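Asks: Got a structure for you, questions after.
The values are calculated or read from the model by the stated rules, or taken from the named source; none is laboratory data. Not measured: the values here are computed from a predicted model. Virtual Cβ from ideal backbone geometry, glycine too; neighbours counted across all protein chains shown.
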Amino acid sequence: MNKNISSYLDLVKSTIDGLDGNAIDAMIEAFAKTYEAGGNIYTMGNGGSGASASHAAGDFLKGASYGLDKRFKMVCLNDNLPSMMAIANDIGWEDIFVEPLKNFIGKNDLVIGISGSGNSANVVKALTYAKEQGVSTLAMTGFKGGKIGEIADLHVHAPVMDMEVTEDIHMVIFNIVKKAMMERYMGDNPSMGGTYDARVQ
């Protein structure tokens, strides 16, 4: 195996081994609490973290919800490009996530900020606002955790000084949470999202 491949895979493996299982358990329970209370789950991030935020929201809108009478309500704040660009142009880039939160946020919601460094100013501002409103907050970070790791009620940290591996680990964690929600609310019901036809994937 190429040295670059093996070293990258070794870093992914060691980062997974260093994850805090209790923090992931807390994230699972935060999702369940929000779902059962009928709250919305908001995700956000920039760049690759934004892609992870969008990917996770899509997974919960379909895979973790299909077949359920009561569905997960998960919204990615960086999916609405026109609103983001308007806010960035007229107000400022730091406000692209906090402004839509002001439209939608409710007491039973969960706001998730994703930032490799933990210091993305627009994510910091949104989580700070959510916390001021008494809404549950969760930070997903890498590197040293940064500001959002200190702000949020829950902090799920990828202990690695590498952005690409941080992004990989964040998706692993989202998939763990998704699988946990599917097992809890779907069980083995084949008519629900827990069963996939490999021919259409």
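Asks: What residue, of VAL123, VAL111, VAL156, is under 18 Å from GLY21 (Cα atoms), β-branched (Val, Ile, Thr) and in contact (Cβ under 8 Å) with a residue 40 or more places away in the chain?
Replies: Numbers: VAL123 fails: under 18 Å from GLY21 (Cα atoms); VAL111 fails: under 18 Å from GLY21 (Cα atoms).
So the residue among VAL123, VAL111, VAL156 that is under 18 Å from GLY21 (Cα atoms), β-branched (Val, Ile, Thr) and in contact (Cβ under 8 Å) with a residue 40 or more places away in the chain is VAL156.
Asks: Still on this structure, please answer the following. Here's a check for you: in the range 1-29, which residue that is polar (S, T, N, Q) and surrounded by 12 or more Cβ atoms within 10 Å (Cβ to Cβ) is farthest from ILE112 (Cα to Cα)?
Replies: SER14
Asks: Hey, among ASN108, ASN103, which residue is of a type in the set (S, T, N, Q), surrounded by fewer than 16 Cβ atoms within 10 Å (Cβ to Cβ), under 24 Å from VAL177 (Cα atoms) and modelled with pLDDT of 95 or more?
Replies: Within the list ASN108, ASN103, the selection yields ASN108.
Asks: For the range 125-156, name all the residues that are of a type outside the set (A, V, I, L, M, F, W, C), on the phi < 0 side of the Ramachandran plot and in a loop (DSSP other than H, G, I, E, B).
Replies: Residues satisfying the conditions are GLN133, GLY142, LYS144, ASP153.
Asks: Give the range 84-124 a look and list any residue that's under 19 Å from THR34 (Cβ atoms), in a strand (DSSP E or B) and of a type in the set (Gly, Ala, Ser), or say none.
Replies: Of everything in the range 84-124, just one residue is under 19 Å from THR34 (Cβ atoms), in a strand (DSSP E or B) and of a type in the set (Gly, Ala, Ser), namely GLY113.
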